[in-house]
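Worksheet: one structure, shown below.
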Amino acid sequence: MEIELKPASNYERKIFYREEWDVKDVPDFVMDSLTSREFGFDHFGQGPNDRYKTFQDALRLKRFIKAKQPFASYCSVAYYDNPKQRKGWQKSELVFDVDAKDIPIRTCDCKEGEVCDICLNQAKEIVLMIRDVLKGEMGLKNINMVYSGRGYHVRVIDDNVMEASSELRGQIVQYVIGAKQPDLTNSLGFTNLQHFIIPFGYSKNFTKWSKYTILHLTKDSKLDNVNKKLLNDVIKHRDVLKDDLWGAFRADVGPRRFEKVMAAVSRINMNITDTKVSIDLKRILRLPSTLHSKVSMKSTLIKNIETFDPFDDAVPNFVFERK
C-alpha cells in the first residue's frame, strides 16, 4: 500500500487519540523530567499557541491529550525550576533537527514543502552520520533519535552538553556537520570546544560532509559563487571522491576553483540541520508518540535507526483504513 502523506481529518485525530495513542509510549527521557518541562499544543493547525502547560504526572498528561486530541503536541528541550513561567533554567537538550523538506541538496522530485520516501531516507542517512560523530568522536552516549513526522530529531541529554551556552552549541553544530572549513595554517589541527578537544576534527569532518554533499549535487543545484560551468566540472570529476582522492579532484577542478567550491559547500553543509533549533535553549519540539497531523504520521522514538522505516513504524492505524 502506498502511504499518502496528507493531513489527518478531525475524525482521524479523534480515532488516533482514542484508540491508538498511549501515554506509556512517551519516552522515558521525557517522563523522567516531566515536571521540569514546558508543554505546548496546537489545537487548530495554526502553530503552538497554547503554551506554558505543565503536568505533575503521567495521568494528568494522559487526560489532557485524550480530551483535547491536539493537532500537534510539543515539549520543551529545557528543564526549568518553574516551567509554567519558563523561569529558573537548569539545562537543555542538545538537538539536531533534520527535516527532509529542508535538506539543501535533495535527490528526489518533491516540490517545495513536500517529502517522500527518497528524501526521508536521505534524512536518515544524515542522522546516521551525525550520530556517528556524536558517539565516535565526541564520546557522547545518551543520544535519542526521534522520527518527527517529516524528518528526524537527534536529542542529546549527556550532562556535559546540556549546560552548554548557545555559542558553544553553535560551535558543536559546525563541527558535527562539517560546516566550517579547516584552518590549514594550524598544523596541530586541534579544535577546542571547551569540554571537547578533538584532533584534526574540522579537517576530517569537513571532508566527510563535503564528500557527501558533492556526490549528491545535480546540474540544477545552486551553489554560491559557483557558475554552471564549474558545477558541471565538479559533477564530471567527482567520482574520484568515492575513493577519497581529494588531491586528484582538486587537480582536475583546478586549485582556485576547488577553493571556491569548498567554500560554497561549507555554506550548504551549514543548512543540513536547522541550526536555530540547536542553539535555542528554550525551543519546544514535537512530543514523541503524538500525531503529526499535517502528514498523518506518528512522531516516534526510534529503537534501532538502522532498521527503522517510517512507512512501517510510524504510520497510524487510521491511514490503512482510508479508502
>> Cβ-Cβ under 9 Å, sequence separation 6+ or interchain: first residue in the stretch 269-282 and over 29 Å from residue 87 (Cβ atoms), partner part of a helix (DSSP H, G or I) and among the aromatic types (Phe, Trp, Tyr). Which pairs?
In response: 269/206; 269/209; 269/212; 272/209; 272/212
>> Yes or no: the stretch 112-132 includes at least one residue that is in contact with an Asp or Glu (Cβ under 6 Å, 6 or more places away or on another chain) and in the same structural domain as residue 301 (by TED's automatic domain parsing).
In response: no
> Tell me, which helices (runs of 4 or more DSSP H) wholly within the stretch 242-290 include 3 or more residues that are of a type in the set (Gly, Ala, Ser)?
Replying inline: 246-253, 255-269
>> Whether any residue in the stretch 280-297 is among the charged types (D, E, K, R) and in contact with a helix residue (DSSP H, G or I) (Cβ under 7 Å, 6 or more places away or on another chain) is what I want to check.
In response: yes
>> I need the full set of residues from the stretch 10-54 which are of a type outside the set (Lys, Arg), touching a helix residue (DSSP H, G or I) at 6+ places or on another chain (Cβ under 9 Å) and more than 22 Å from residue 157 (Cβ to Cβ), in order please.
In response: 11, 12, 15, 16, 17, 19, 20, 21, 22, 41, 43, 50
> Looking at the stretch 1-55, which of its residues are farther than 13 Å from residue 284 by Cα and of a type in the set (Phe, Trp, Tyr)?
Replying inline: 11, 16, 17, 21, 29, 44, 55
> Is one or more of the residues making up the stretch 123-136 over 25 Å from residue 76 (Cβ atoms), modelled with pLDDT of 95 or more and surrounded by 21 or more Cβ atoms within 10 Å (Cβ to Cβ)?
Replying inline: yes
> Which residues, counting only those in the stretch 58-97, are surrounded by fewer than 19 Cβ atoms within 10 Å (Cβ to Cβ) and either under 30 Å from residue 166 (Cβ atoms) or in contact with an Asp or Glu (Cβ under 6 Å, 6 or more places away or on another chain) (or both)?
Replying inline: 81, 82, 84, 85, 86, 87, 88, 89, 90, 91
> Does residue 113 satisfy being farther than 19 Å from residue 270 by Cβ, buried (at least 20 other Cβ atoms within 10 Å of the Cβ) and touching a residue at least 12 places away in the same chain (Cβ under 8 Å)?
Replying inline: no
> Name the residues in the stretch 23-51 that are in a helix (DSSP H, G or I), touching a Phe, Trp or Tyr at 6+ places or on another chain (Cβ under 8 Å) and surrounded by fewer than 18 Cβ atoms within 10 Å (Cβ to Cβ), would you?
Replying inline: 35, 36
> For the stretch 45-79, what are the residues that are basic (Lys, Arg) and over 15 Å from residue 24 (Cα atoms)?
Replying inline: 51, 53, 68
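Which one of 106, 63 is farther than 17 Å from residue 283 by Cβ and assigned to a loop (DSSP other than H, G, I, E, B)? Give the steps one after another, and end with the answer.
Values: 63 fails: assigned to a loop (DSSP other than H, G, I, E, B).
Step by step, each of 106, 63 is checked, and only 106 is farther than 17 Å from residue 283 by Cβ and assigned to a loop (DSSP other than H, G, I, E, B).
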> Of the numbered conditions (1) of a type outside the set (A, V, I, L, M); (2) modelled with pLDDT of 95 or more; (3) farther than 26 Å from residue 32 by Cα; (4) in contact with a Phe, Trp or Tyr (Cβ under 6 Å, 6 or more places away or on another chain), residue 144 satisfies every one except a single condition; which is it?
Replying inline: (3)
> Taking the stretch 46-100 as the region of interest, how many residues are among the basic types (Lys, Arg) and modelled with pLDDT under 95?
Replying inline: 0
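The values are calculated or read from the model by the stated rules, or taken from the named source; none is laboratory data. Everything numeric in this text was worked out from a predicted model, so none of it was measured. Methodologically, a virtual Cβ is constructed for each residue, glycine included, from the backbone with ideal geometry; neighbour enumeration extends over all protein chains shown.
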